[in-house]
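Report on the following structure.
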């Protein structure tokens, strides 16, 4: 009990201290300024200045006949005004400024015309431009049947089994209406083709392997047969020779055993973007690339985990190149 006065004194001072700090904090919060969000500017809606003038009248054609359905357009005080003439060719535009006006007259089949009108009025007569002349008549189109075959210099064994694509591209200006348009014709596996309605004209000829159909490379046609003059009364059978060669080689291991499944890629030696579809050696280790325009090529071969072999091969017309591929060591896991 003798410590009771001391405890009471400590409690009293503690309560007073807490109350003092609470009052200071409350006063500080009340003293902070309050900022209200700014109000947006209140602008009056913009209205175009209203005019008190009228422009009215009639639109006639070059024969002084009323022109119905003519769009009449102008700007006054930077405001667009437009209307359409009625069956009597009459129009009326109200609420215009004092002028002058550039009045546009527009109607389907007639060239647009702009008329300068200096002042408003209600008895105006505007002349529509003369009608557009009729388009020139289309040239008489004629066509005829054409059949023929593709002559492969290496014989049937080396022909594309899917059939080549024969392209006829008109020579000269393609924007002229002559009736001749580009045609793509599929040649059957035996090398024959037939088309019943090839438009008469002068054509450039391309022959592409089936895997390149629709493109422009590699073109296999011989230079002497790269043009066709298809005329009425002309020949209806054509033979297009091919200028190409082929590549055949055998892939073996160091023991001379054929490697089945060796992977080969052939590309143009001077243009790496020109790549033929890859080939895989057969059960006898034979690799074959057909339909190769005469040129120099880069042959890349690999089997399993063997090192990659690269060879440069020259392809001659009407011949089969047979490069010697070094033996490939195929390591098995």
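Scanning the stretch 299-310 for residues that are surrounded by fewer than 17 Cβ atoms within 10 Å (Cβ to Cβ) and either on the phi > 0 side of the Ramachandran plot or part of a strand (DSSP E or B) (or both) yields 300, 304, 310. Listed here are the strands (runs of 3 or more DSSP E) enclosed by the stretch 1-96 that have at least 1 residues being under 51 Å from the mean Cα position of the chain (by Cα), at pLDDT 65 or above and exposed (fewer than 10 other Cβ atoms within 10 Å of the Cβ): 79-84. Looking at this structure, is residue 185 in the same structural domain as residue 297 (by TED's automatic domain parsing), in a strand (DSSP E or B) and either loosely packed, with under 13 Cβ neighbours inside 10 Å or in contact with a strand residue (DSSP E or B) (Cβ under 7 Å, 6 or more places away or on another chain) (or both)? So residue 185 fails the test. Taking the criterion of being in a strand (DSSP E or B) and farther than 15 Å from residue 188 by Cβ, the residues of the stretch 147-173 that qualify are 167, 168, 169, 170.
Kindly establish whether residue 190 is loosely packed, with under 12 Cβ neighbours inside 10 Å and under 20 Å from residue 236 (Cα atoms). It is true that residue 190 is loosely packed, with under 12 Cβ neighbours inside 10 Å and under 20 Å from residue 236 (Cα atoms). Criterion applied to 325, 259, 315, 308 was being out of contact with any helix residue (DSSP H, G or I) (no Cβ under 6 Å at 6 or more places or on another chain) and closer than 21 Å to residue 152 by Cα, and the one residue passing it is 315. Has the stretch 209-225 got at least one residue that is touching a residue at least 40 places away in the same chain (Cβ under 8 Å) and more than 31 Å from the chain's Cα centre (by Cα)? No, there is no match, as no residue in the stretch 209-225 is touching a residue at least 40 places away in the same chain (Cβ under 8 Å) and more than 31 Å from the chain's Cα centre (by Cα).
The values are calculated or read from the model by the stated rules, or taken from the named source; none is laboratory data. What you see is a predicted model, and the numbers here were worked out from it, not measured in a lab. Neighbour counts are summed over all protein chains in view; Cβ atoms, including those assigned to glycine, are modelled from backbone coordinates with ideal geometry.
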